[in-house]
Amino acid sequence: MFAHKLQPLLRWGITLRSTSPVGNAATSAAYALSLQNYLEFKSFSSLNKGVPLMNNIGGYPHGPAAFVFDIDGVLLHGREVLPSAIEAVNKLVDRRTGAWRYPVVFMTNGGGTTESKRAEQLSNFLGVRVRTDQVLLAHTPMKGLVHELGDHPVLISGKGDVSNVAKLYGFNKAVHTRQLGAAIPLATPFTKYDGDKSRMNGSNKSVREEGVSGGHPTEKTSSLTSQADLGTETSPFRAVLVMTDPDEWYRDLQLILDVVSGAGVPGRSIAEVPAGTAPVPVYYSAGDLVWANGFPTNRLGQGAFAEMVDHMYKLVHGQSLPYVKFYGKPHPEPYRMAERLLLEQARELNLIPQDHSLFKASDTEFKAVLEAMENSVHLSSKSCSSESSHDSTTIPPLPFSGIFAIGDNPSSDICGANNAGSPWVSILVHTGVFRGPGKNCSKHAAQVAVSNVFHAVEAALHRARNSRWHSMR
């Protein structure tokens, strides 16, 4: 009987001793964290009554569990690793080899770097090897625009290394807003550019003013972009790509409005645009209104910037932007891409159940399924109230007992997982954007709500074990 009572503690890696654990600091810290997690889980479970647990959730009953982690607010706060993140990840890797035991994808509405660099950062933060093909950034789905826009001028916006990211994706004529602004500085009179000493001294004139004619980019000014004919009437910008949160909202707001208003030519008024000219679409990599870092309250995100652009366009022109599309969570594209990556990992780890149609699939047949999944990635946004799932006539059911999407933002992480359909399972944690009231969000309720990512992984593994047990009865 006493041994039975010890089982919950042993399951959480806690060893009872007559005195407090001694030895090195790491051992003591691990002991304390395990005990803390167990006590928190027991306490939170008792308060979590009424939150739907994972009963009758679809999926392939005796298939493996798969995991999709949000990053900011779930695993990290800025560059600080949340304590529960290390223990959560350790549950999913082989302690001897460090290899993953389950298919895992890290899917974030952040970006501004390459997938390979983000994988390297996560590896260093979490102490496990994260591969490039396990990372989906907010702008990763924008690769799908390359076939249409790769050889045309596009204006890109966002902090970080998005210029390099755009080139690596295949946007061969991408111009960043800071490049365009430096080329036509009168367009953004309150922004300082490198080498523009006159504005630092309070002068009303820019040192490059003589290179601007009527506000339009000339060959002299546009040479700063290394593409002398971009953003002109002969070579207008075909699209605006906001690849991550801008680092200079005023500059980017003004230039995006200029490019859209002038149908690809900044400085050209709407009245001057020839009839029949195609409008310039604006693509956003994500629509999060707020996000969480180490600051006590949530910070405005790319969605707030998008609202500002649309509102200002309406105030100036009396109408909405001609065409706007959002990628990122909760929209379908990243979820469909994640499914493809998870399926590849399941095959690599030999986790596809023997009675599943893909178990005996040849490499050619398996590749055909992956290609069908790639083609199924939607090119049109759906609202948060609509569902998005694969065409079952061409793609077999996914071989997972559950794809457990762990996130902190109900309007993106939870809404997106709920809409993705079976076998996706939404799990809300309380370490990021969501701060109540209550244990779950009333508008976008998660299927499971727990305090942190370690408890989320525990709940998911428990559900997967139960699913296999019931399938054998």
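The values are calculated or read from the model by the stated rules, or taken from the named source; none is laboratory data. Every value quoted in this text rests on a predicted model; they were computed, and no experiment measured them. Virtual Cβ from ideal backbone geometry, glycine too; neighbours counted across all protein chains shown.
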Practice task
Determine, yes or no, whether L149 is under 14 Å from L230 (Cα atoms) and buried (at least 19 other Cβ atoms within 10 Å of the Cβ).
Solution key: yes
Handout entry: Residue, surrounded by the most Cβ atoms within 10 Å (Cβ to Cβ), within the range 310-334, restricted to residues that are in contact with a strand residue (DSSP E or B) (Cβ under 8 Å, 6 or more places away or on another chain) and farther than 19 Å from W249 by Cβ
Key = K329
Fill in the blank from the handout: When (1) within 22 Å of W424 (Cα to Cα); (2) of a type in the set (S, T, Y); (3) part of a helix (DSSP H, G or I) are applied to Y102, the one that fails is (3)
Completion exercise
Expected output for the range 152-173 (first residue in contact (Cβ under 8 Å) with a residue 60 or more places away in the chain, partner of a type in the set (D, E) and surrounded by fewer than 17 Cβ atoms within 10 Å (Cβ to Cβ), Cβ below 6 Å, 6+ apart or cross-chain) is K159/D247
Exercise for the section: Kindly check whether there is at least one residue in the range 280-301 that is among the acidic types (D, E) and farther than 19 Å from P410 by Cα. Expected result: no
Exercise for the section: Consider G160 carefully, then state whether it is in contact with a Ser or Thr (Cβ under 6 Å, 6 or more places away or on another chain) and part of a loop (DSSP other than H, G, I, E, B). Expected result: yes
Exercise for the section: Return yes when S320 is modelled with pLDDT under 95 and either assigned by TED's automatic domain parsing to the domain that holds H77 or of a type outside the set (D, E) (or both) and no when it is not. Expected result: yes
Fill in the blank from the handout: Residue count, the range 441-464, condition in a loop (DSSP other than H, G, I, E, B) and either surrounded by 21 or more Cβ atoms within 10 Å (Cβ to Cβ) or touching a His at 6+ places or on another chain (Cβ under 9 Å) (or both), comes to 6
Fill in the blank from the handout: Given the conditions (1) in the same structural domain as L241 (by TED's automatic domain parsing); (2) in a helix (DSSP H, G or I); (3) over 25 Å from L255 (Cβ atoms), every one holds for T297 apart from (2)
Problem - Residue in the range 231-241 that is modelled with pLDDT under 95 and in contact with a Leu (Cβ under 8 Å, 6 or more places away or on another chain) present - result: yes
Problem - Leading residue by the ranking (nearest to S412 (Cα to Cα)) among those in the range 302-343 that are outside any loop (DSSP other than H, G, I, E, B) and among the hydroxyl-bearing types (S, T, Y) - result: Y335
Practice task
Inspect all residues belonging to the range 252-262 and state whether any of them is more than 30 Å from P330 (Cα to Cα) and either in a loop (DSSP other than H, G, I, E, B) or not assigned by TED's automatic domain parsing to the domain that holds F171 (or both).
Solution key: yes
Practice task
Evaluate the following for Y283: is it crowded, with 18+ Cβ neighbours inside 10 Å and touching a Lys or Arg at 6+ places or on another chain (Cβ under 6 Å)?
Solution key: yes
Practice task
State whether one or more residues within the range 334-350 are touching a helix residue (DSSP H, G or I) at 6+ places or on another chain (Cβ under 8 Å), touching a residue at least 60 places away in the same chain (Cβ under 8 Å), over 15 Å from A66 (Cα atoms) and not assigned by TED's automatic domain parsing to the domain that holds L241.
Solution key: yes
